[in-house]
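The values are calculated or read from the model by the stated rules, or taken from the named source; none is laboratory data. Computed from a prediction, not measured in an experiment: that's the story for all the values here. Every residue, glycine as well, gets a Cβ built from its backbone with ideal geometry; the counts of neighbours run over all protein chains shown.
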Amino acid sequence: MKLLSGKVAIITGASAGIGYATAKLFAREGAKIVVGARRQPELNALVAEIAEASGSAVALAGDVRDEAFAQALVELATSKFGGVDIAFNNAGTLGKLGLSVPDMPLVDWENTLATSLSSAFLGAKYQIPAMLKRDGGSLIFTSSFVGYTVGFPQTAAYAASKAGLIGLTQALAAEYGPQRIRVNALLPGGTDTPMGRTFANTPEAIAFVKSLHALKRIAEPHEIANSALYLASDLSSFTTGTALLADGGVSINRT
């Protein structure tokens, strides 16, 4: 029995990295998938890859900062597949790193929070009513250990946006638990994604990032997708309101 048979899942930030890997995994586990991101060609390639593996997926390109896009993803899931059971609000941005708060333009702060935090609010705004029509569901946000267990200099906007997702997770979990909607945050460690490579972009930087982790390596996207699958499926039926660390031990490592 596949873990997500009969389920419909929305995944944002699906054109690469963790979102791409998660979409393929959820499809293999029986879910029908609606994928969203800004880049249509990459989404088309993902849908084709899922179809080649006998899965079912549709794509919609757009900007997660746009409320109309959040609404359209839910409408597409409903019209194409009948509703929404799972939403993996994975899209986000590092923003402009390397700026101290006194040097940060307000527009950069606002763009980071809009992409990583407000987009999750917009997603939930439309996903929750759809889940209520299905008698429950699983809502997942991609947060980070940054701003939760670890502080790095000159990452204020990124840290604040990711910490905000944990507060959103807890509030929604408490509010909608009685209506069978589980809400959790997934906190990856360093992962080999295009976004991650913009930070770890030299052999020295990659070695440094690896050294921060207890496992002394960074994750492959499919490893984080496995944790998303746990939160999406009934394997986590009594798990809600959590900040689930899948961080290779970066939060506890001191060696």
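Structure notes:
- So residue 155, is it crowded, with 21+ Cβ neighbours inside 10 Å, of a type in the set (S, T, N, Q) and within 17 Å of the chain's Cα centre (by Cα): no
- Selection status of residue 209, touching a helix residue (DSSP H, G or I) at 6+ places or on another chain (Cβ under 8 Å), at pLDDT 95 or above and either of a type in the set (A, V, I, L, M) or under 22 Å from residue 233 (Cβ atoms) (or both): no
- Residue selected from the stretch 165-179 under the condition surrounded by 14 or more Cβ atoms within 10 Å (Cβ to Cβ) and in contact with a Leu (Cβ under 9 Å, 6 or more places away or on another chain), by the criterion farthest from residue 240 (Cα to Cα): 165
Conditions (1) closer than 22 Å to residue 251 by Cβ; (2) of a type in the set (A, V, I, L, M), marked per residue:
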residue	(1), (2)
136	no, no
147	yes, no
173	yes, yes
177	no, no
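- Of the residues examined, residue 76 is not one that is under 17 Å from the mean Cα position of the chain (by Cα) and either surrounded by fewer than 14 Cβ atoms within 10 Å (Cβ to Cβ) or at negative phi (or both).
- Looking across the stretch 113-159, the residues that are among the aromatic types (Phe, Trp, Tyr) and in a helix (DSSP H, G or I) come down to 121, 126, 158.
- Selection status of residue 248, under 19 Å from the mean Cα position of the chain (by Cα), within 15 Å of residue 146 (Cβ to Cβ), part of a loop (DSSP other than H, G, I, E, B) and at pLDDT 95 or above: yes
- Among the residues making up the stretch 1-26, those that are over 19 Å from residue 127 (Cβ atoms) and either under 17 Å from the mean Cα position of the chain (by Cα) or part of a helix (DSSP H, G or I) (or both) are 15, 16, 17, 20, 21, 24, 25.
- From the list 49, 29, the one residue that fits, being touching a Lys or Arg at 6+ places or on another chain (Cβ under 7 Å) and under 14 Å from residue 227 (Cα atoms), is 29.
- Residue, surrounded by the most Cβ atoms within 10 Å (Cβ to Cβ), within the stretch 186-219, restricted to residues that are in a loop (DSSP other than H, G, I, E, B) and among the polar types (S, T, N, Q): 193
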